[in-house]
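Since the structure comes first, as structure tokens, the remarks are kept for the end.
The values are calculated or read from the model by the stated rules, or taken from the named source; none is laboratory data. In this text, all values refer to a predicted model and were calculated from it rather than measured experimentally. Every residue, glycine as well, gets a Cβ built from its backbone with ideal geometry; the counts of neighbours run over all protein chains shown.
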Amino acid sequence: MGKSSKDKRDLYYRRAKEEGWRARSAFKLLQLNEQFQLFKDVKRVVDLCAAPGSWSQVLSRELYQTQKNSHDEAKIVAVDLQPMTPIDGVTTLQADITHPKTLVKIMDIFGGEPADFVCSDGAPDVTGLHDLDEYLQAQLILSALQLTTCLLKPGGTFVAKIFRGRDIDLLYAQLSYLFDKVVCAKPRSSRGTSLEAFIVCIGYKPREGWTPKLELNKSAEEFFEGANIGRSDNLKFFELPDPEERVIANFIACGDLSDVDSDATYTLDASESRVVLDPVQMPTSPPYKLALEMKRRGDLVRR
Amino acid sequence: MSRFNQVSSVQESKFKPLEHYGAVTALKIYKNYIIAGYGPTLKIFDSSSNFLLIFSRQIFGRNKIHSISVSGSDNESIFIAGGRSFAILNLNNLEDIDASETIEHAINEWIVCGQFLDQNTLLVLTAHNIIFKINPETFEFIEKIHCNEKSILYSGSIRITDSGQVIIAAGTVMSGVLIWDYHSRRVLYNLTDHEGSIFGVKIDPSANFIISCSDDRSIKLYDFHTGKLLSTGWGHGSRIWNLEFCTEINGTLRLFSTGEDCTARLWEYSGSESLKLVSVMDCHLGKHVWSGDIDDKSLELCVTGGADGRIIIHDLSAKTSTINSVTSSHTMDDIAKQTGATFEKKELIKQYSELPLLNILVILTSKGKIFTLNQTSQKWSKCETPQSTEKLGDFGLMKSFPESNAVVATSRNGDILVMNFEGSNVSKNYWIEDEYLLGNKVANLIIESNLAKNEYYVLIDCPNPKSPLVLRTFKLDEGTFKLSSTNLLQQPDQSSFTTTCMWKDEVNNWLLLGSRYVSVAIYDLDSEKNKDGHINLGQIFKKLSIGDTITSVSIISTKKEAVRFLMTVRDGVYMYIDIVFENGDFQLNIIHHNKISRGFVEGGFIENNDLILYGFRSSYFYVFNESQQLEITNELCGGAHRQWEFLRYKECDPLDFKFIYINKSTLHIKCFQNRFHKVAGVTGGNIINYGTHGREIRDVSVSPAYQSNNSDSTRLIMTASEDTIVRLGRIHFNGKIESFWCLNGHISGLQKVKFFTREYAASSAANEEFCLWKINESGDIPLVVEFARLKPSSSNPDLRIMDFDAIPQFDEGGQVIGFILCTVYSDSNIKVWFFDVSKKSFDLLVVGNYTTCCILNVHFLTIEEKTFIMIGATDGHIALWDIGNSITARTSTCDTLGNPIIKQQLHQSGIKAVLLLNKKDNDYSIVTGGDDNALILSKLTYRSEEDGFLLETESFIERAASATITSISKLDESNVIVTSVDQIVRRWAIQEDSSLKCISARYTTIADTGCSDVAHFGGKSIAVIGGAGLSSWECK
């Protein structure tokens, strides 16, 4: 699909380019905020799996421009394994979110104060094996949650991308031990045909008698052992565990019904469609870049 | 309200899973067994008894089998794992497994693989790079072992080497391969040459090599002793999922890979920096060969499993043998040396024909010389013919009659040479001088025979419209070919008619000629002759489809005044056509039309109801089973622009072929024999397990029963997948789904497919595509044509037709004469049409807009003979319009849709599924399911002309699923089947008090659960569930 036809198919894509967002996903966070007032009284924010940085852009605009906080009053830390182009007022860390050192670095930036808000828009590359993809997405959320339990203030908010497939009710059940309110939110800018949605977890309540501790070489499963959040542990003879706790979270569609519909096709004005905008940020190079180059050169003969 | 999901598992026994078609997630060859992980089901095939399925059972409740290993010891145990589940089965006691006993076990982490260390020790590797040591008898936990590097793994394997070393190869999500030693727990290597996630890593049994593959689309081979990168293999078009070692022969190491690009590949390493690609097997549909294994030593085969649910075996006996005994090649020099003949400078082999009874090949050179090759002795000899053959130089065309050891050839001016052969030589030959072409040039020589009648036909076509077509009939008389009659056929009155193929129908004595520009001429050879003594043209049918040359015609069935034949067109189109003689006229009806996307089609035939096509694709010649969507064989010949001959030996084996071609002045004779073709009764063989689409199924529809025959034990079924394919098949009473055709009419991702009647169905897609299909069930298998197609509203269409509905219109005799049709679009557009069956025309009756949001579905309602349309959209609203007048008037002017008479929000966001139940005359129950997990029962009451409708919610289930509800199908008037992407299928009952109650909920193995329909067989109801695969369940 060319740039202009994508503009037509996806008005958010075009609007993101017009408004200077690095990705259309910026609108998802904006619409989530409209619904949940996520940024109210928020000063210390962590954006996990942040690259290319559209959520950090939203956070930066909100905290510094809209709320008029100074760079001393509000802090935003963006963490990703990939490098990120700098954003005003955002400290970017190229780091692994499961590593204890990353936690230390964030806490340093916050001057030892806990975070008010943690978010993650991360998703693994999908393979097409649904169970494996769901497992990896769950691992990513658990990794984000590990770090969150280590640095979020009681009463703080956690927002993360999820894919609503089988077993999503297990995640809701576990999260509801850790937060007062767990909602599954779907912004209108997220396509109806996509399984994507966001968990908005409000009011962090640390588990009594459990101290979260990030340690090198500890898996997410081991991290949450003892947290007593309804996860099943290994049984003595590795029997199939009893049915695990499953909860269906409340669903809330976010954004106004009059907002652009991400599933609809729009007719652009002739003047609009003539101006083809370049993306704000070029995509990063994929692992198969060399294979693509070889294919272009004709080096990949079919047989 | 309870914390717990109340609708995750409810009275599961009310659903009985019957059949499942979906991704093959694991394959393992062990001895003569092929062990397959078919989702949660373990299937075992025995190669020593024709790949018979000897075991099939669902082992895991929810998880799919991703890994299989077998203990080499005396008690041959099979370890299977997937997700968090694992199980151990004894291969020698499969029958003893108690079907009611749960043998599923679980670890609290994703399992990558497992291996038996010895009788008492099972090693299980998890995605956190931890080994669980478990007693396989008692399932007691022994210990956890790790190497202090707990990265997340995509892949991994455990190798117990011939010398007793235990090595773990771990493929991480972040470009590294960790090789560590189980005993010392030390990391031996961290191999970081790949980019991206590692999807496969293995160590060979002697621990000399490591292989790995990744997101970067390359295969890397390492020296196990040094960790040095030895070689890299490029070629896969996308991600590589699986790797295996083959045997090492004479210092050459062979590797086997499968990938996302639907191919399996064989590679060779003999010291070079890059792996040599030896063979590519393009064998599955859609995307992904998820699994594969190879045994190139004893079974000489490899096996692949795809997202299409098919398990396919591939013969390696020919591919791996060093001398390919079935191909022979011959140059002009070879022939000269053997026969002592001298060739002129530019003399070439022009024509060749085989006489299989003598096992000789007859060739004609560009200077008119004739030679024969004895294919038994591989000896060439020059034919000494009593009559000079020089006239055949420069132009000659030559054809053989295999059954009668005769060859005919024509010169440029139409003189015909008839030759009879004995041994390798011509016994008799004579010329028939032309009397009809009057010096005009011959365009083509076409032959046909009828052994029963001892008749052999030779047609000479000449492009001059004044010359007739000359049809000569020969008879074999005491070993000699004798001319028995000559018929002159009136030229089809069309300058562009060039005969390319013919078929003589014996029942009616009709002659069928195929031409360029997809035109067909038919002659009744018994009809009266015109004043010139020519047989009159019966009828010509021009441009039956877009395309160029008809490459073959062959009769499928014939009876008095009616023939059905198969026709292939070079550009890939094939058709089943009926010609009947009715009321003094020939009438032609195309009852099946499709186009293959593989390349050019040069011919086809039907074997065992399967359609086999052959032709050229880039530089290859291929033979393809179109019905099974499987390539039977191919040959790298250089492409279509050459002399070639494709021969079949029906009497020996219908799937033994010979392909003769010239490439770079060399004659090649390639024989194809299919080692597995009798497997599972599949023509072309090799499929040991059937499947379905290779991509997600977006919609499914089951046909009504024949009105006349409700006891019919099959229904037609159509499925539409995201990769543009529509499939037509049958669902049987026992839940088995059989597929007949993959229809290629769409070019973009499908949205919906629906049967209107038993005979008509339609499908819609992006790009404003809407196809109406007509099905013909007069033969053994259903046939289908694209009957009509809606023209897009712009030359550059970018709208999706999200849904459609139709009301069939019947004449007094009950025949369908048209449809009132409604199509809804992604830009909120709504269009109502009248489709006229006889004119194949769409007349726009009503057009309008809802808002600007995407409409998701549409339904017609009829109340008091008035027609209404109801839509559901992404904004969670239901809207209703009265279009009664527009339809009844059916004027030439198009009405504009006014304001909806009802517009009411039911759901928070998109209404994904709507089911209408007609309660009473003026009452409808509407069940809607949304992206918001909710299921709502509403009552729509028509009060009166003035008061209009009332839409009231009767039952609202806010948490009817834990994820998007994707489809609702009617089980009966008060029970519905609901699917959701949470992979739970639920049955909801509408109770007396108009509340909804979940009376059954069961997990389905179909991920991305997106569509459903119900087949009603008298008292038995079978739900069909589609998504990443297809399942059939009996609803009790």
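Given the condition closer than 25 Å to A:Phe27 by Cα and buried (at least 19 other Cβ atoms within 10 Å of the Cβ), answer yes or no: does some residue in segment A:96-104 qualify? Yes; the residues of segment A:96-104 include at least one that is closer than 25 Å to A:Phe27 by Cα and buried (at least 19 other Cβ atoms within 10 Å of the Cβ). Looking across B:Glu812, B:Glu777, one residue alone is at pLDDT below 95, over 25 Å from B:Val573 (Cβ atoms) and more than 14 Å from every other protein chain (Cβ to nearest Cβ). It is B:Glu812.
When segment B:719-739 is filtered for residues that are of a type in the set (Asp, Glu) and in a strand (DSSP E or B), only B:Glu738 remains. Being closer than 27 Å to A:Arg191 by Cα and surrounded by 20 or more Cβ atoms within 10 Å (Cβ to Cβ) is a description that applies to B:Ile936. Condition first: farther than 24 Å from A:Leu147 by Cα and more than 8 Å from every other protein chain (Cβ to nearest Cβ). Now tell me which residues in segment A:219-243 satisfy that. Scanning segment A:219-243 gives a single hit, A:Asp242. Only a single criterion out of (1) without any contact (Cβ under 8 Å) to a residue 60 or more places away in the chain; (2) part of a strand (DSSP E or B); (3) within 27 Å of B:Ile968 (Cα to Cα) is not satisfied by B:Ala788, namely (3). Yes or no: segment B:870-878 includes at least one residue that is acidic (Asp, Glu) and surrounded by 18 or more Cβ atoms within 10 Å (Cβ to Cβ). Scanning segment B:870-878 turns up at least one residue that is acidic (Asp, Glu) and surrounded by 18 or more Cβ atoms within 10 Å (Cβ to Cβ). The condition (being surrounded by 21 or more Cβ atoms within 10 Å (Cβ to Cβ), more than 14 Å from chain A (Cβ to nearest Cβ) and among the aromatic types (Phe, Trp, Tyr)) is satisfied by just one residue among B:Phe787, B:Phe770: B:Phe770. Residue count for segment B:332-367 satisfying the condition of being in contact (Cβ under 8 Å) with a residue 60 or more places away in the chain and either touching a Pro at 6+ places or on another chain (Cβ under 8 Å) or more than 23 Å from B:Leu397 (Cβ to Cβ) (or both): 3. Could you tell me which residue of segment B:442-473 is nearest to the chain's Cα centre (by Cα), considering only residues that are of a type in the set (Gly, Ala, Ser) and closer than 19 Å to B:Ser404 by Cα? So, considering only residues that are of a type in the set (Gly, Ala, Ser) and closer than 19 Å to B:Ser404 by Cα, the one nearest to the chain's Cα centre (by Cα) is B:Ser449. Here B:Asp505, B:Asp477, B:Asp493 are screened, and the one residue that is more than 36 Å from the chain's Cα centre (by Cα) and under 23 Å from B:Ile550 (Cβ atoms) is B:Asp493.
Checking each residue in segment B:209-244 for being away from chain A (no Cβ under 14 Å) and either closer than 14 Å to B:Tyr189 by Cα or modelled with pLDDT under 95 (or both) picks out B:Phe209, B:Ile210, B:Ile211, B:Leu221, B:Tyr222, B:Asp223, B:Phe224, B:His225, B:Thr226, B:Gly227, B:Lys228, B:Leu229. Of the residues B:Lys441, B:Lys369, the single one that is basic (Lys, Arg) and closer than 24 Å to B:Ala336 by Cα is B:Lys369. Scanning for something at pLDDT 95 or above, surrounded by 23 or more Cβ atoms within 10 Å (Cβ to Cβ) and either small (Gly, Ala, Ser) or more than 24 Å from B:Met870 (Cα to Cα) (or both), does segment B:801-808 turn up at least one residue? Checked against the condition, which is being at pLDDT 95 or above, surrounded by 23 or more Cβ atoms within 10 Å (Cβ to Cβ) and either small (Gly, Ala, Ser) or more than 24 Å from B:Met870 (Cα to Cα) (or both), segment B:801-808 yields no hits at all. A single entry from A:Glu196, A:Glu215 fulfils the requirement of being closer than 26 Å to B:Gln983 by Cα, surrounded by fewer than 23 Cβ atoms within 10 Å (Cβ to Cβ), among the acidic types (Asp, Glu) and in contact (Cβ under 8 Å) with a residue 12 or more places away in the chain: A:Glu196.
The residue of segment B:418-431 that is nearest to B:Trp380 (Cα to Cα), among those that are out of contact with any Ser or Thr (no Cβ under 8 Å at 6 or more places or on another chain) and either hydrophobic (A, V, I, L, M, F, W, C) or outside the structural domain of B:Glu384 (by TED's automatic domain parsing) (or both), is B:Val418.
Residue pairs whose Cβ atoms lie under 7 Å apart, separated by 6 or more positions or on different chains, with the first residue in segment B:248-270 and at pLDDT 95 or above and the second of a type in the set (Lys, Arg) and in a loop (DSSP other than H, G, I, E, B), are B:Gly259/B:Arg239; B:Glu260/B:Arg239; B:Glu260/B:Lys287.
Against the test of being under 25 Å from the mean Cα position of the chain (by Cα), modelled with pLDDT of 95 or more and among the β-branched types (Val, Ile, Thr), the options B:Ile579, B:Ile591, B:Ile556 yield a single qualifying residue, B:Ile591. Restricting to segment B:262-309, and then to whatever is assigned to a loop (DSSP other than H, G, I, E, B) and surrounded by fewer than 18 Cβ atoms within 10 Å (Cβ to Cβ), can you tell me which residue is nearest to the chain's Cα centre (by Cα)? Ranking the qualifying residues of segment B:262-309, first place goes to B:Glu300.
Residues that are part of a loop (DSSP other than H, G, I, E, B) and touching a Leu at 6+ places or on another chain (Cβ under 6 Å) were ranked within segment A:115-135; the one that is nearest to the other protein chains (Cβ to nearest Cβ) is A:Pro124. Residues in segment B:86-139 that are under 40 Å from the mean Cα position of the chain (by Cα), over 25 Å from B:Val201 (Cα atoms) and either surrounded by 14 or more Cβ atoms within 10 Å (Cβ to Cβ) or away from chain A (no Cβ under 13 Å) (or both): 15 in all.
Screening the candidates B:Lys379, B:Lys391 for the property of being in contact with a helix residue (DSSP H, G or I) (Cβ under 7 Å, 6 or more places away or on another chain) and in contact (Cβ under 8 Å) with a residue 24 or more places away in the chain yields one hit, B:Lys379.
Evaluated against (1) surrounded by fewer than 22 Cβ atoms within 10 Å (Cβ to Cβ); (2) more than 14 Å from chain A (Cβ to nearest Cβ); (3) within 26 Å of B:Ile968 (Cβ to Cβ), B:Asp843 falls short on exactly one condition, (3). With respect to (1) within 13 Å of chain A (Cβ to nearest Cβ); (2) within 42 Å of the chain's Cα centre (by Cα); (3) crowded, with 16+ Cβ neighbours inside 10 Å, the lone exception for B:Glu958 is condition (3).
Is it the case, given these coordinates, that B:Val507 is buried (at least 22 other Cβ atoms within 10 Å of the Cβ), among the β-branched types (Val, Ile, Thr) and in contact with a Ser or Thr (Cβ under 8 Å, 6 or more places away or on another chain)?
Taking the combined requirement at face value, the residue does not satisfy it.
When each of B:Asp477, B:Asp415 is tested for being under 30 Å from B:Trp380 (Cα atoms), surrounded by fewer than 21 Cβ atoms within 10 Å (Cβ to Cβ) and in contact with a helix residue (DSSP H, G or I) (Cβ under 7 Å, 6 or more places away or on another chain), the lone residue that passes is B:Asp415. Of everything listed in (1) among the charged types (D, E, K, R); (2) closer than 16 Å to B:Gly479 by Cβ; (3) outside any strand (DSSP E or B), the single unmet condition for B:Lys428 is (3).
When you go through (1) of a type in the set (Gly, Ala, Ser); (2) in contact with a helix residue (DSSP H, G or I) (Cβ under 7 Å, 6 or more places away or on another chain); (3) over 24 Å from A:Gln57 (Cβ atoms) one by one for A:Gly122, which number turns out not to apply? With respect to (1) of a type in the set (Gly, Ala, Ser); (2) in contact with a helix residue (DSSP H, G or I) (Cβ under 7 Å, 6 or more places away or on another chain); (3) over 24 Å from A:Gln57 (Cβ atoms), A:Gly122 is out only on (3).
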